[in-house]
Amino acid sequence: IPDLHEELEQFDHILRKYCHIERKIQLGDWFDSFNYNSAEHAEETARMMAEFVSNPNHIQLYGNHDAQYAYPNCSGIHCSGYGPWKQKGIDKWMKPLWDKVQLVHWETINNREWVISHAGFHPFMYHPIKGFTRERLAELCAEAMTSVKYAQVITPTLSVGRRRGGWHRYGGCTWLDFCDFEAIPGINQIVGHTKGHIIRELRTNDSENY
């Protein structure tokens, strides 16, 4: 389930339609709708997010619009739609639960491994020696979360790319636009973030990316 942006009725419809499927993965960006801009609606969104996150069958990933409320004191993490007046209501439900939210998730589907994240991982994160393994990704994500949580500093894993006004050539896994997305050899990815009316895909000889 990709970017919700406070469209709670649509989300409720999705949950009801697929109630027979226990395991659900939400790709981030619960907050900052341009149709709703009240603290009350943001709090109700946070309540539903907390309910989703608390379900042991669910996987919740960080989007750029979530991270800014999880770590509001981190310089450079805020993005369009951010409203400090929403913080209190969001904290009420999510402050004890942010540690349950992940940057990346590996999922086996039809005997194939998929890397699932909010915006995707670009080949610039491929390490010449360590490659692009579970261990390498775990290392990158742990470094990113430790840095943002305790030092209020953003690492390349959470960086804003030039296309969105940042200093890095490409965005990190919460910011990479699909028009900048490039396949990583041997890695299948599922991402959200970049709005579109159709499901876009990028296939290579050894990977599928949606």
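The values are calculated or read from the model by the stated rules, or taken from the named source; none is laboratory data. Since this is a predicted model, take the numbers as computed values, not measurements. Cβ sites come from the backbone with ideal geometry, for glycine too, and all protein chains shown count toward neighbours. Each accessible area value is taken on the protein alone, full model and side chains, heavy atoms only, with ligands, DNA and RNA left out. Shrake-Rupley method; radii C 1.70, N 1.55, O 1.52, S 1.80 Å.
Before moving on, here are some points about what is shown:
- Rel. contact order, % - alpha carbon contacts under 8 angstrom, at least six apart, segment 143-210: 20 percent
- Sparse-neighbourhood loop sites, chymotrypsin sites (Phe, Trp or Tyr not before Pro) in segment 125-189 - DSSP loop, at most 12 other Cβ within 10 angstrom: TRP167
- Translational diffusion of segment 15-126, estimated by Stokes-Einstein from the Kirkwood radius over alpha carbon pairs at 25 °C in a medium of 0.890 mPa s, is 162 µm² per second.
- Spatial offset of segment 42-57 relative to segment 112-155 amounts to 25 Å, using the alpha carbon center of each.
- Accessible surface for the chain, divided over its residues, is 53 Å² per residue with a 1.4 Å probe.
- Length-normalised contact order for segment 82-210 - Cα pairs under 8 Å, 6+ apart - percent: 24 percent
- The GluC sites (Glu not before Pro) of segment 1-69 that meet both conditions, a loop assignment by DSSP and at most 10 other Cβ atoms within 10 Å of the site Cβ, are GLU22.
- Helical mean residue ellipticity (222 nm; -39500 (n - 2.57) per DSSP H run of 4+; nearest 500) of the chain: -7500 deg cm²/dmol
- The trypsin sites (Lys or Arg not before Pro) found in segment 10-44 that occupy coil by DSSP, while having at most 12 further C-beta atoms within 10 Å, are ARG23.
- Accessible-area composition of the chain, carbon plus sulfur, in percent [1.4 Å probe]: 52 percent
- Simple Cβ-charge dipole of segment 105-210, Lys/Arg +1 and Asp/Glu -1, about Cα centre, in debye nearest 20: 340 debye
- FRET efficiency, 1/(1 + (r/R0)^6) with R0 25 Å, evaluated for ASP99 and TYR18 via beta carbons: 0.40
- Among the lysines of the chain, pairs that are 8 or more positions apart or on different chains and have alpha carbons within less than 16 Å of each other number 5.
- Segment 76-190: translational diffusion in µm²/s, Stokes-Einstein, Kirkwood Rh over Cα pairs, 4 °C, 1.567 mPa s: 84 µm²/s
- The chain pair-distance distribution - Cα-Cα, 5 Å bins, rounded %: 1, 7, 15, 20, 21, 17, 11, 5, 1, 0
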